[in-house]
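First up is the structure itself, then whatever we jot down about it.
The values are calculated or read from the model by the stated rules, or taken from the named source; none is laboratory data. For clarity, every value in this text was computed on a predicted model and none was experimentally measured. Cβ coordinates were reconstructed from backbone atoms using ideal geometry, including for glycine residues, and neighbour counts include every protein chain displayed.
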Amino acid sequence: MSSWVVMLMLGVSLCMGFLGLVAFLWGLRSGQFDDKEKMMRGVLFDNVSDLNNMAKQDKKDKKHENL
């Protein structure tokens, strides 16, 4: 492999890593990972069907909040 191919791959990799870091930091600042309430309620339910019902209820609640 010639050196220009290695340099090109290194540059592209660094750019992609930087974009990933920017996206992650944006998600942190905008509150994308702040869903503590859902995690706390998830502990209360044991089986999958209860969790699915709770997820559907959350979607309904969010629709009513947005109206």
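Which residue pairs have Cβ atoms under 7 Å apart, sit 6 or more places apart or on different chains, and have a first residue in segment 10-30 that is at negative phi and a second that is modelled with pLDDT under 95 and aromatic (F, W, Y)?
G27/F33
For M40, only one of the following conditions fails: (1) modelled with pLDDT of 75 or more; (2) in a helix (DSSP H, G or I). What is its number?
Just one mismatch for M40, condition (1).
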